[in-house]
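To keep things clear, I will list the structure first and then write my remarks on it.
The values are calculated or read from the model by the stated rules, or taken from the named source; none is laboratory data. Note that the coordinates shown come from a computational prediction; the quantities given were computed from them, not determined experimentally. Note that each Cβ is placed from the backbone with ideal geometry, even for glycine, and that neighbours are counted across all protein chains shown.
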Amino acid sequence: MRSDLQHLLITPAEMTAIDRAAAQSGIDSFTLMRNAGLAVTAAALRHFPDARRFVVLCGPGNNGGDGYIAARGLAESGADVAVFVLGDPARLQGDAARAWSDWSGPAAPISAFEPQAGDVVIDALFGAGLSRDLPDDVVHLIERVNASGVPVVAIDLPSGIDGRTGEIRGAAFATRHTVTFMAPKPGHWLLPGRSLCGTLKVFDIGIPARIVSAGAGSLRLNAPFLWAGWGGDLAASTHKFKRGHLVVFSGDRQATGAARLSAAAGLAAGAGLVTVATGKAALGINASHLTAVMVKEIDGSRELTKWLQDQRLGSFVLGPGFGIGKKARDFALALCDRSLVLDADGITSFQTNPGELFAALAKGGGQMVMTPHDGEFARLFPEIAGDDGLSKIEKAQAAARASHAVIVYKGADTVVAAPDGRAVVNNNAPPWLATAGSGDVLAGIVGAHLAKGMPAFEAAIAAVWRHGAAGAKAGPGLTAETLIGAIPPIS
Ligand SMILES: NC(=O)C1=CN([C@@H]2O[C@H](COP(=O)(O)OP(=O)(O)OC[C@H]3O[C@@H](n4cnc5c(N)ncnc54)[C@H](O)[C@@H]3O)[C@@H](O)[C@H]2O)[C@@H](O)CC1
Ligand SMILES: [K+]
């Protein structure tokens, strides 16, 4: 499988269109179904060679069709197979009807299934076609199977997971393995879906890559090839001014540590020069804690405006520990024509009038990356956050469009979206990355990338990825300081 296909995220609607395009190009759709079903047969036999019985649960659409093919393949390999069906298989249509008619063994209704020790369940109830909440009988079946602890292999998606959003529609199988086809779907990588997929295997069932690529939208799984070509200067030793000058704004005397974490992360991530800009009251504290990072006294907007005449100041991080209020708003508005990472208090400061920030960004024409977690996102984008019909990806995309900024919507399944619609889901962050100061470190890495001249979207996705990789390298028990020490070279 080509790695760029592995990193496409294809929504169920796009996948349906791709299936149609494949059929229109002359590819036999039943062959695709057979390839899908037999891929599942192979995966089940490989993972569970000692299964006493494979139990295939077949639904009313093509996912069920894949299940009948898998059942037949398993039976032909000599395994014990039991098939249970949802709905009346006589009502199946098209390829699924043909797969059913090729299944020559018995089939019982799903209500008759009682999980037994030694069973391995093949979940072929629903895949990409799940379009509403599951009915009660299916919810109860899923709960019975999950409670029994018998292993489940899902075809395409664990039934109950919405492939577009990753949300659970009533209940969902917690699976050991999920076998999907051609490319992953958002629901495989967005939470809670991701936590229920087990190991995910993407199987090529024979749709030509050109058809898949042509039908894919602008969603990707985050990976270094997405910013290839932008990282080079940071990896090589080069002149410090070429690697850019990053400025991080410090908070008041009681809250200076967050800015220093951002600054140290920016330096470690490759910024050539880093300055902590601080009010007079915190100047001494910052100066006494910093060595490689420089210190500059900036008390108010007037000093800032004057200092900003220096165009060598490449990028700015505003928010970590900064304090919520007018000063943060004034500073952010003054920076809307520059490259700015707005984080934490910098975001919250615009809670009562986000439109003021968005208008300034539209007018300023600078590059803005905002890094909200759930709470901050809801403060700045209450209507988007409250729209339950949207996936996390769609929320980030809507917020990016509304604000004219690149949005890093943080979480265990961080999504980065650009105003032009591009979006990635990140999947390399270990759970222990959620620790005090971790967000300050991320903001500093984004700042370093902007300082070097990377475009905002690439700067953000590369930062999220390096941050996740640093977390994995630092290991459980990491602190923000050890995280900074583990930031890998940019690839
Ligand atoms: N992507 C591809 O190239 C291929 C896809 N195949 C399979 O086809 C699947 C998609 O098939 P379908 O589009 O038929 O979709 P599904 O088989 O996932 O489900 C569709 C059926 O379920 C019903 N349904 C949806 N939500 C329901 C709910 N909550 N309660 C009760 N019934 C509900 C629909 O009315 C429809 O009858 C994929 O997941 C995959 O397994 C394979 O056959 C091979 C080719
Ligand atoms: K399924």
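Conditions tested, residue by residue: (1) buried (at least 24 other Cβ atoms within 10 Å of the Cβ); (2) assigned to a loop (DSSP other than H, G, I, E, B); (3) not assigned by TED's automatic domain parsing to the domain that holds PHE322.
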{"residue": "LEU333", "(1), (2), (3)": "no, no, no"}
{"residue": "GLY346", "(1), (2), (3)": "yes, no, no"}
{"residue": "GLN351", "(1), (2), (3)": "no, yes, no"}
{"residue": "GLY355", "(1), (2), (3)": "no, no, no"}
{"residue": "PHE358", "(1), (2), (3)": "no, no, no"}
{"residue": "LYS363", "(1), (2), (3)": "no, no, no"}
{"residue": "GLY375", "(1), (2), (3)": "no, no, no"}
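Within the range 53-70, identify whether any single residue is within 16 Å of PHE113 (Cα to Cα), basic (Lys, Arg) and part of a loop (DSSP other than H, G, I, E, B), and answer yes or no. No, because not a single residue in the range 53-70 is within 16 Å of PHE113 (Cα to Cα), basic (Lys, Arg) and part of a loop (DSSP other than H, G, I, E, B). When THR180 is tested against the conditions (1) part of a strand (DSSP E or B); (2) more than 12 Å from ligand 2 (Cβ to nearest atom); (3) not aliphatic (A, V, I, L, M), the lone failure is (2).
Of the residues making up the range 133-152, those that are surrounded by fewer than 22 Cβ atoms within 10 Å (Cβ to Cβ), within 16 Å of ligand 1 (Cβ to nearest atom) and under 31 Å from the mean Cα position of the chain (by Cα) are ASP133, LEU134, PRO135, ASP136, VAL138, VAL139, HIS140, GLU143. Tallying residues that are farther than 16 Å from ALA124 by Cβ, assigned to a loop (DSSP other than H, G, I, E, B) and either within 12 Å of ligand 2 (Cβ to nearest atom) or over 17 Å from the mean Cα position of the chain (by Cα) (or both) within the range 186-201 yields 0. Among the criteria (1) surrounded by 15 or more Cβ atoms within 10 Å (Cβ to Cβ); (2) away from ligand 2 (no atom under 16 Å from the Cβ), the one GLY59 does not fulfil is (2). Give me a count of the residues in the range 177-206 that are among the β-branched types (Val, Ile, Thr) and either at pLDDT below 95 or surrounded by fewer than 24 Cβ atoms within 10 Å (Cβ to Cβ) (or both). Result for the range 177-206: 3. Looking across ALA128, ALA171, ALA124, one residue alone is in contact with a Gly (Cβ under 8 Å, 6 or more places away or on another chain), at pLDDT below 95 and among the aliphatic types (A, V, I, L, M). It is ALA128. Residues that are touching a residue at least 60 places away in the same chain (Cβ under 8 Å) and within 16 Å of ligand 2 (Cβ to nearest atom) number at least 3 in the following strands (runs of 3 or more DSSP E) confined to the range 76-171: 119-124.
Only one residue in GLY439, GLY421 is under 20 Å from ALA264 (Cβ atoms) and touching a residue at least 24 places away in the same chain (Cβ under 8 Å). Which one?
GLY439
Among the residues of the range 161-186, those that are more than 11 Å from ligand 1 (Cβ to nearest atom) and of a type in the set (Gly, Ala, Ser) comprise GLY166, ALA172, ALA174.
I'd like to know if the range 307-322 contains one or more residues that are surrounded by fewer than 24 Cβ atoms within 10 Å (Cβ to Cβ), β-branched (Val, Ile, Thr) and assigned by TED's automatic domain parsing to the domain that holds ALA480. No.
Do you know which residues across the range 100-132 are under 29 Å from the mean Cα position of the chain (by Cα) and under 15 Å from PRO60 (Cβ atoms)?
Looking only at the range 100-132, we keep the residues that are under 29 Å from the mean Cα position of the chain (by Cα), and these are 121-132.
Within the range 100-132, ASP123, ALA124, LEU125, PHE126, GLY127, ALA128, GLY129, LEU130, SER131, ARG132 meet the criteria.
Taking the criterion of being over 19 Å from PRO158 (Cα atoms) and either surrounded by fewer than 17 Cβ atoms within 10 Å (Cβ to Cβ) or within 16 Å of ligand 2 (Cβ to nearest atom) (or both), the only residue of the range 31-45 that qualifies is THR31.
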